[in-house]
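Only one structure is covered here, and it is reproduced in the block below.
The values are calculated or read from the model by the stated rules, or taken from the named source; none is laboratory data. Predicted model, so just to flag it, every value in this text is computed and none were measured. Here the Cβ is made from the backbone with ideal geometry for all residues, glycine too, and neighbour counts use every protein chain on show. Only protein heavy atoms, including side chains, enter the accessible area calculation; ligands, DNA and RNA are left aside. Shrake-Rupley method; radii C 1.70, N 1.55, O 1.52, S 1.80 Å.
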Amino acid sequence: ASAEPQLVGWRVEGAGLHAVHACGCGLGDQGAAFLAAALPLCPELKELHLSSNSIGDEGAGALAAVMQSHPGLRSLALDGNRIGDAAALRLTRALSQMERKDLVCNARDNPITRFDSASLANLGIAAATARSISRRGVTLRHLLKLWLDFAASRDIDLETASTREVVRRLVKPYLENKKTSFSGFFHAPRPTVHVVHAWDGKFRDLVAAVAAHATGIHTPSFDSSHVMYREMPEVFDKCYFVDAFCVDQNVSAPIGDQYCQTDKFDLVIDLLRRAGGEVLLVMDREYLTLTRLWCLYEAHIALRDGMRLHVSFGEMRPFPRKRRGAKVAEAKITTDQDRALISGDLSANDGGFEGFDERVTRPLEEQMRAKYLAVFPEVPSLQSELEWLEAQDHAREDLLAAMRAGEMVELGLCIGVAEELRLEKEV
């Protein structure tokens with residue numbers, strides 16, 4: 001029998017309800033949707049037990065849409081249903097937007113791969129982790145101070161070091177046993193910009209790109225006392241979410257764990273979006289952002305959800321030929337668990353990797369090229385060097401293509417051009 005007649009009666013007399021136990025009633029998505037529609041009429045309801053009801057993503061999504069605004073709900077049991085990753089994320093997003101921390105949402109024994117069993121016992125804990133991370137930030141003032149402090153270290157050459165090296169050799173040792181992220185020492189306001197960057201890119205490029213975004217100046221100074229900042233002191237307080245400094249780098253919780261911080265950036269971006277935030281795509285001198293799966297995935301979230309996405313150069317370089325036509329299938333990622341996480345999310349919500357390059361990678365390339373062409377006329381002092389670097393890039397790619405093809409005449413011509421442009425000998 002349909003669940004509708006029972007639910008109609010429940011709606012009418014719902015004002016005094018404190019608990020509903022409807023486990024194993026075969027409600028399905030339709031029944032869950034009726035219950036979701038009735039929730040606002042039951043402000044005193046504390047417990048909603050819907051275990052083993054064949055509820056899928058549609059029904060769970062309907063419940064997620066209304067539960068965050070319910071004033072009294074404390075327990076939502078959805079264990080033993082047919083809920084997948086898409087609805088699990090909707091539930092977690094809804095929970096992450098709630099200031100109340102006393103709502104327990106049990107989603108165990110569902111075909112969910114995004115979270116482990118302990119997380120599914122109460123999705124509210126994973127949501128609280130994401131909410132906590134999203135409130136951490138570093139201001140431009142903090143970032144420039146970090147550059148100054150790190151530059152004074154004899155343990156690393158900051159001019160050439162990657163962000164990964166900086167984290168491994170400076171950040172992690174400093175934070176050992178402190179049980180906090182670097183941002184925990186700053187007492188910064190909530191971030192308004194989520195920064196996407198390649199960890200193998202130069203740390204200098206990360207700092208420069210953030211400073212350029214904050215100031216609107218393409219070649220900003222790293223010296224906070226520089227005269228350029230006297231005219232715009234307010235830029236020091238612009239606050240950014242930079243994972244290297246906003247995540248506790250010594251937390252070793254596995255992917256899917258309720259306390260894992262590195263698998264919840266999609267939730268962090270969603271919270272920033274709802275607060276009117278934006279995304280900054282850092283373009284390092286090697287354009288590595290286009291070759292990293294996490295970077296492409298975070299950019300995809302911003303584009304999908306209609307967030308403002310800005311491109312900012314670290315050290316400005318022409319768009320290299322070897323990066324043209326980049327493919328998400330060839331993008332690098334640190335661990336297989338991260339790849340599985342991203343693949344699972346894309347499959348659950350966006351049709352997988354099919355068409356990803358047309359939806360995301362190509363538009364990013366176009367935006368980067370447009371940004372470069374817009375900035376180029378504004379940096380006359382760099383134009384000659386940039387044109388020379390572009391000629392070098394073309395010569396390098398022509399030379400490599402001739403070598404692969406075995407075209408000896410063409411190879412000789414390319415070598416002549418390479419020597420004229422002083423290409424590095426190893427090419």
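Say we join alpha carbon atoms closer than 10 Å with springs in a Gaussian network model of the chain; which of 307, 67, 403 then has the biggest fluctuation?
Maximum fluctuation in the GNM of the chain, among the listed residues, is at 403.
Using a 1.4 angstrom probe, figure out how much accessible area the range 86-161 has per residue, in square angstrom, rounded to the nearest whole. It would help to have the intermediate numbers written out before the result.
On the way: 3140 Å² over 76 residues.
With the other protein chains kept in place, the range 86-161 gives 41 Å² per residue.
So who's got an amide H within less than 5 Å of the one on residue 292, skipping anything under 5 residues away but keeping other chains? H placed 1.01 Å off N, in plane.
Counting only residues 5 or more places away or on other chains, the set is 332.
When the Karplus curve 6.51 cos²θ - 1.76 cosθ + 1.60 is applied with θ = phi - 60°, which whole-Hz ³J(HN,Hα) does each residue of the range 239-249 get, with x for Gly and Pro?
Listing the rounded values in order: 10, 10, 8, 10, 4, 4, 10, 9, 10, 6, 6 Hz.
What's the magnitude of the charge dipole for the chain around its Cα centre, counting Lys and Arg as +1 and Asp and Glu as -1 at the beta-carbon? Answer in Debye, nearest 20. All intermediate terms of the calculation are to be shown ahead of the outcome.
Details: 50 positive and 60 negative charges, 231 e Å.
The calculation lands at about 1100 debye.
If I take all pairs of Cα atoms in the chain, what percentage of them are more than 36 Å from each other? Walk me through the numbers before you get to the answer.
On the way: 34168 of 90951 pairs.
Tail of P(r) above 36 Å: 38 percent of Cα pairs.
I'd like the distance separating the alpha-carbon centroids of the range 171-201 and the range 248-275, in whole Å.
13 Å
Which log10 I(q)/I(0) values does the range 15-139 give at q = 0.10, 0.11, 0.23 Å⁻¹ under the Debye formula, counting every alpha carbon as one identical point scatterer?
Debye intensities relative to I(0), on a log10 scale: -0.28, -0.33, -1.42.
Please report the Cα spread of the range 135-272 along all three principal axes, rounded to whole Å, starting with the longest.
Principal axes ranked by extent give 47, 36, 24 Å for the Cα atoms.
Determine the principal axes of the Cα atoms in the range 290-343, then give the extent along each, sorted from largest to smallest and rounded to whole angstroms.
Ordered largest first, the range 290-343 gives principal extents of 33, 28, 19 Å.
Compute the angle between helix 265-274 and the longest alpha-carbon principal axis of the chain, please, reported from 0 to 90 degrees and rounded to the nearest 10.
Its long axis makes an angle of about 80 degrees.
About the Cα centre of the range 187-254, what is the dipole size in debye to 20, counting +1 per Lys and Arg Cβ and -1 per Asp and Glu Cβ, all else neutral?
Numbers: 5 positive and 8 negative charges, 11 e Å.
Dipole size: approximately 60 debye.
Rounding to the nearest 10 and keeping the result within 0 to 90°, find how far the Cα-based axis of helix 408-420 lies from the longest principal axis of the chain.
The two axes meet at around 80 degrees.
Using label points projected 7 Å from each Cα along Cα→Cβ, tell me how many nm separate residue 172 and residue 190, to one decimal.
3.2 nm
Which residue, 316, 251, 262, has the largest displacement toward the positive end of the dipole of the range 229-339 when charges sit on each Cβ (Lys, Arg +1; Asp, Glu -1)?
Value computed over the given set: 316.
Per-residue HN-Hα couplings for the range 281-291, Karplus 6.51 cos²θ - 1.76 cosθ + 1.60 at θ = phi - 60°, whole Hz, x for Gly and Pro?
Per-residue couplings from phi come out as 9, 7, 9, 6, 5, 9, 6, 5, 4, 6, 10 Hz.
Could you tell me the convex hull volume per residue, in Å³, taken over the Cα atoms of the range 320-382?
Working: hull volume 7.1 nm³, N = 63.
Considering the Cα atoms of the range 320-382, their hull volume per residue is 113 Å³.
Around residue 283, which amide H atoms from residues at least 5 apart in sequence, or from another chain, sit under 5 Å from its own amide H, with H modelled in the peptide plane?
Residues meeting the amide H criterion: 312, 313, 314.
Give the value in nm², to one decimal: projected area of the alpha carbon convex hull of the range 105-189, averaged over all directions.
That works out to 7.7 nm², a quarter of the Cα hull's surface.
Non-local amide H neighbours of residue 109 (under 5 Å, H modeled in plane, Pro and chain starts lacking H): which ones?
When sequence neighbours closer than 5 places are left aside, the close amide H contacts are 80.
If you take the charge dipole of the chain about its Cα centre, with +1 on Lys and Arg Cβ and -1 on Asp and Glu Cβ, which of 41, 213, 193 is farthest toward its positive end?
Towards the positive end, the residue furthest out is 41.
List the lysines whose Cα lies under 25 Å from the Cα of residue 202, skipping any in the same chain that are fewer than 8 positions away.
145, 172, 238, 264, 322, 327, 332, 371, 425
Short version: ³J(HN,Hα) in whole Hz for each residue of the range 126-134, in order, from phi by Karplus 6.51 cos²θ - 1.76 cosθ + 1.60 (θ = phi - 60°), x for Gly and Pro, what are they?
4, 5, 5, 4, 4, 4, 5, 4, 5
By how many degrees, 0 to 90 and rounded to 10, does the Cα axis of helix 140-151 deviate from the longest principal axis of the chain?
50 degrees
Taking all protein chains as present, what is the carbon and sulfur share of the accessible area of the chain, in % to the nearest whole number, probe 1.4 Å?
Working: 10000 of 19610 Å².
It is 51 percent, rounded to a whole number.
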